[in-house]
Amino acid sequence: MARTERVKSMSATYNAASGTGVSTPSTWRGLAMGRSGSDLVIASLLVLAGLATLLFGEPYWLLGAQVAITMIFALSVDLLVGFAGIVTLGHAVFFGLGAYTVGIASVHLGWTEPLSGLLLAGASAGLLGLGTGVLVLRTKGLGQLMLTMAFASLVYEIANRAKPVTGGADGLQGVIVAPIFGLFDFDIFGLTAFLYTLAVLGIVVLFAVLMTRSPYGRSLVGIRENRVRMQAIGTNVQQRLLSIYVVSAALAGVAGALLAQTSQFVGLNALHFGLSGEVLIIVALGGAGRLWGALLGAVVFSLFKDRLSALDPAYWYFWLGLLLAVIVLFAPKGLIGLVDRLMAALHPKEAQ
Amino acid sequence: MTAAILETRALHKNYGALTVAQNINFTLEPGTFEALIGPNGAGKSTFVNLLTGLVPPTSGTVILDGADVTAEPIEARVKRGLVRTFQINTLFNSLTVAENVILALDEHRGQGWRPLPSPSRRRRIREEAYDILGRLGLEPWGNREVKELPYGRQRLVEIAIALALRPKVLLLDEPAAGIPSTETGTIIEVLENLASDLAVLIIEHDMDLVFRFAQRITVLVQGAVLARGTPDEIANNDEVKAVYLGEGIHA
């Protein structure tokens, strides 16, 4: 309750400062900065869930690490799809490249230090993003979908064929990861892995939240909303889009690297088309363009997938499909849209 | 006469055999309010697109503030002070009115790459945005999404964005289009209060508006300049009268 009170008083002072006493409390709602109530609720729930898992959920630490990785991956896609309005059905290429970068560096070059491995993975994925982005961003809509898919398939097949380097279909076994800071070894319970991925997730989320509230982040929303107008106010749209493409690719690469480090294995699945589709579904499920929607979507999707595939290994995709159909039909703005409605119902005045 | 802020020399555009701009020589000085008129299909929009850089000319040059900008893209010309409004509202519809203006302010200041927020800066720029909105009577709408506004108000947001870019040359593409004549009052007021050193080129069908404000009028017909002069000269020009026969041109 104290929290919602604070939100209320914050928006009240905001309006007072602007000198307008008009209707809506949120100043930045169009730029996904308002509705901060929902964001706070989701953020609090996620932090609580993370803490509870840490303290009482020992068997779930490894799953927790995987969920955190999926969250980073989803965030990278939300920045691209939800904010900048670029569509992609090939983002697994960056995730997979990040994973293979760490794996190959460890197995073939003996580069086992984890933090520099993350940076290396981010850099190589970012570089691939730069190279492919120049081409992908020449197209729009379906063309973008096709091109992103095409690049992802190309890299997938290269990884499949380059067996001596990547292990091909068998995957890259025995990825060794040195202790973090030379102190914290990756244990079989997954505590280090869990804390490590949570820490990286925290940094990435902070970065993303700040960025989306910055003039840069809002200019991306501007491009999504109206490209022609953005150019007419003096923006080099192409450059701006390419920059977020690279950033998003690098973040996806970091997520992939975390998967390689925490599971000590890299398989072709990390590059697979299915993963590109899944992460897009996650963003849509959570609610695109809101950051916290994608994060919530990643958690819900991962947990559903884990539970359902345990309960019904053969037909779990059926139940997943059912869940998605229900969400799309009844909450077109995703899970975060449901939270918005809930908040509005609790505070009828604020919902105008 | 002061040096022209915007100039075209023998600006020409054709698509194969179809000529849409014929060797247009045109100058616009700071502080002048000029109107571009002509029947539908006369090439007014093409001329504007050539000026802003949306369409590359077949030959000829565009000179803006002393620099040859013929090869420059749209955004570079905007940075030099050539700002346009659109005939059909081209706005960030699901953003609020204030956000629309703030985006323009940020880009104008070169803040568009700034990856971190700064609350104090934000407050300043918000005040500035509301300043501009205040001039257009849009202040009460600042927190509303653009798409919630009536069309006439949205037309004003077009102008608010343009003003936020501190233009040297302002191209107004039919600012009163789509607004019932009873509601053009605000637009007229806004036009009256534009900065005195601003060069304005207005494309407008509403002849009342044109003859009320324009110090000079250029008449385009079939992609070529038919006549150019003061409102009186244009109103009494027989060729112009012939073109506008039945459309009721009057001073």
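Which of the residues that make up the stretch B:81-96 are in a loop (DSSP other than H, G, I, E, B) and more than 7 Å from chain A (Cβ to nearest Cβ)? Break it down into steps so the answer makes sense when it comes.
Quick first cut of the stretch B:81-96, residues in a loop (DSSP other than H, G, I, E, B) only: B:81, B:85-95.
Listed by number, the residues that qualify are B:Gly81, B:Thr85, B:Phe86, B:Gln87, B:Ile88, B:Asn89.
Would you please name the residue that is nearest to the other protein chains (Cβ to nearest Cβ), looking only at residues in the stretch B:102-122 that are of a type in the set (Lys, Arg) and within 19 Å of A:Arg240 (Cα to Cα)? Spell out how you get there, then give the answer.
Let us first name the residues in the stretch B:102-122 that are of a type in the set (Lys, Arg), namely B:109, B:114, B:121-122.
From what is left, the residues that are within 19 Å of A:Arg240 (Cα to Cα) are B:109, B:114.
Details: B:Arg109: 9, B:Arg114: 5 Å.
This residue is B:Arg114.
Find the residue count for the stretch B:1-46, including only residues that are assigned to a strand (DSSP E or B) and free of Cβ contacts under 8 Å to residues at least 24 places away in the same chain. Explain how you work it out, then say what you get.
Within the stretch B:1-46, the subset assigned to a strand (DSSP E or B) is B:6-15, B:18-28, B:33-37.
Now restrict to residues that are free of Cβ contacts under 8 Å to residues at least 24 places away in the same chain: B:15, B:18, B:27.
Qualifying residue count, the stretch B:1-46: 3.
Of B:Arg153, B:Arg216, which residue is within 18 Å of B:Pro30 (Cα to Cα), buried (at least 17 other Cβ atoms within 10 Å of the Cβ) and over 15 Å from the mean Cα position of the chain (by Cα)? Even if it seems obvious, please write down each step before you answer.
On the way: B:Arg153 fails: within 18 Å of B:Pro30 (Cα to Cα).
None of the other options fit; the residue is B:Arg216.
Can you name every residue in the stretch B:219-235 that is surrounded by fewer than 20 Cβ atoms within 10 Å (Cβ to Cβ) and not β-branched (Val, Ile, Thr)?
First pass over the stretch B:219-235, keeping only residues surrounded by fewer than 20 Cβ atoms within 10 Å (Cβ to Cβ): B:222, B:224-233, B:235.
Those that are surrounded by fewer than 20 Cβ atoms within 10 Å (Cβ to Cβ) and not β-branched (Val, Ile, Thr): B:Gln222, B:Ala224, B:Leu226, B:Ala227, B:Arg228, B:Gly229, B:Pro231, B:Asp232, B:Glu233, B:Ala235.
Which members of the stretch B:102-147 meet the condition of being surrounded by 15 or more Cβ atoms within 10 Å (Cβ to Cβ), assigned to a loop (DSSP other than H, G, I, E, B) and aliphatic (A, V, I, L, M)?
Within the stretch B:102-147, B:Leu136, B:Leu138 qualify.
I'd like the residue in the stretch B:47-71 that is of a type in the set (S, T, N, Q) and not in a loop (DSSP other than H, G, I, E, B) and, out of all such residues, is farthest from the other protein chains (Cβ to nearest Cβ). Working first, answer last.
In the first step, residues of the stretch B:47-71 are kept if they are of a type in the set (S, T, N, Q); the result is B:49, B:52, B:58-59, B:61, B:70.
Filter once more, keeping what is not in a loop (DSSP other than H, G, I, E, B): B:49, B:52, B:59, B:61.
Numbers: B:Asn49: 12, B:Thr52: 8, B:Ser59: 24, B:Thr61: 22 Å.
Ranking the candidates gives B:Ser59 first.
Would it be correct to say that B:Ile161 is touching a residue at least 24 places away in the same chain (Cβ under 8 Å), β-branched (Val, Ile, Thr) and in a helix (DSSP H, G or I)?
So B:Ile161 fits the description; yes.
I'd like to know if the stretch B:221-231 contains one or more residues that are part of a helix (DSSP H, G or I) and either modelled with pLDDT of 90 or more or outside the structural domain of B:Thr27 (by TED's automatic domain parsing) (or both). Break it down into steps so the answer makes sense when it comes.
Step one: of the stretch B:221-231, the residues part of a helix (DSSP H, G or I) are B:231.
Next, only the ones that are either modelled with pLDDT of 90 or more or outside the structural domain of B:Thr27 (by TED's automatic domain parsing) (or both) stay: B:231.
The answer is yes; a qualifying residue exists.
Condition first: more than 23 Å from A:Gly96 (Cβ to Cβ), aliphatic (A, V, I, L, M) and part of a helix (DSSP H, G or I). Now tell me which residues in the stretch A:261-302 satisfy that.
As a first pass, look at the stretch A:261-302 and keep what is more than 23 Å from A:Gly96 (Cβ to Cβ): A:287, A:289-293, A:296, A:300.
Subset that is aliphatic (A, V, I, L, M): A:291, A:296, A:300.
Listed by number, the residues that qualify are A:Leu296, A:Val300.
Right, B:Val210: closer than 22 Å to B:Val78 by Cα and among the β-branched types (Val, Ile, Thr) or not?
So B:Val210 does not fit the description; no.
Sort through B:Ala42, B:Ala71, B:Ala17 and tell me the only one that's assigned by TED's automatic domain parsing to the domain that holds B:Glu239 and more than 30 Å from B:Ser196 (Cα to Cα). Let's see the steps before the verdict.
On the way: B:Ala42 fails: more than 30 Å from B:Ser196 (Cα to Cα); B:Ala71 fails: more than 30 Å from B:Ser196 (Cα to Cα).
Result of the check over B:Ala42, B:Ala71, B:Ala17: B:Ala17.
Report yes if B:Glu99 is free of Cβ contacts under 8 Å to residues at least 40 places away in the same chain, surrounded by 21 or more Cβ atoms within 10 Å (Cβ to Cβ) and either in a loop (DSSP other than H, G, I, E, B) or facing chain A (nearest Cβ under 7 Å) (or both), otherwise no. If you could, list the steps in order and put the result at the bottom.
Details: free of Cβ contacts under 8 Å to residues at least 40 places away in the same chain: yes; surrounded by 21 or more Cβ atoms within 10 Å (Cβ to Cβ): yes; either in a loop (DSSP other than H, G, I, E, B) or facing chain A (nearest Cβ under 7 Å) (or both): yes.
Here the answer is yes, as B:Glu99 does meet what is asked.
Looking at (1) closer than 20 Å to A:Ser219 by Cα; (2) crowded, with 19+ Cβ neighbours inside 10 Å; (3) away from chain A (no Cβ under 11 Å), find the lone condition where B:Leu170 falls short.
Among (1) closer than 20 Å to A:Ser219 by Cα; (2) crowded, with 19+ Cβ neighbours inside 10 Å; (3) away from chain A (no Cβ under 11 Å), the lone unmet condition for B:Leu170 is (1).
Which condition number does B:Ala76 fail, the rest of (1) over 22 Å from A:Gln238 (Cβ atoms); (2) within 9 Å of chain A (Cβ to nearest Cβ); (3) of a type in the set (Gly, Ala, Ser); (4) surrounded by fewer than 20 Cβ atoms within 10 Å (Cβ to Cβ) being met?
(1)
Go through the stretch A:74-84 and give me each residue that's surrounded by 24 or more Cβ atoms within 10 Å (Cβ to Cβ) and more than 21 Å from A:Ser309 (Cα to Cα).
Within the stretch A:74-84, A:Leu75, A:Ser76, A:Val77, A:Asp78, A:Leu79, A:Leu80, A:Gly82, A:Phe83, A:Ala84 qualify.
Looking at B:Leu11 and the list (1) closer than 22 Å to B:Pro231 by Cβ; (2) away from chain A (no Cβ under 14 Å); (3) surrounded by 20 or more Cβ atoms within 10 Å (Cβ to Cβ), which single condition is not satisfied?
Result: B:Leu11 fails condition (1) only.
Is it true that some residue in the stretch A:173-192 is in a helix (DSSP H, G or I) and surrounded by fewer than 17 Cβ atoms within 10 Å (Cβ to Cβ)?
There is no residue in the stretch A:173-192 that is in a helix (DSSP H, G or I) and surrounded by fewer than 17 Cβ atoms within 10 Å (Cβ to Cβ).
The values are calculated or read from the model by the stated rules, or taken from the named source; none is laboratory data. The structure presented is a predicted model; accordingly, all values stated were derived computationally and were not measured. In this analysis, Cβ positions are derived from the backbone assuming ideal geometry, glycine residues included, and neighbour counts consider all displayed protein chains.
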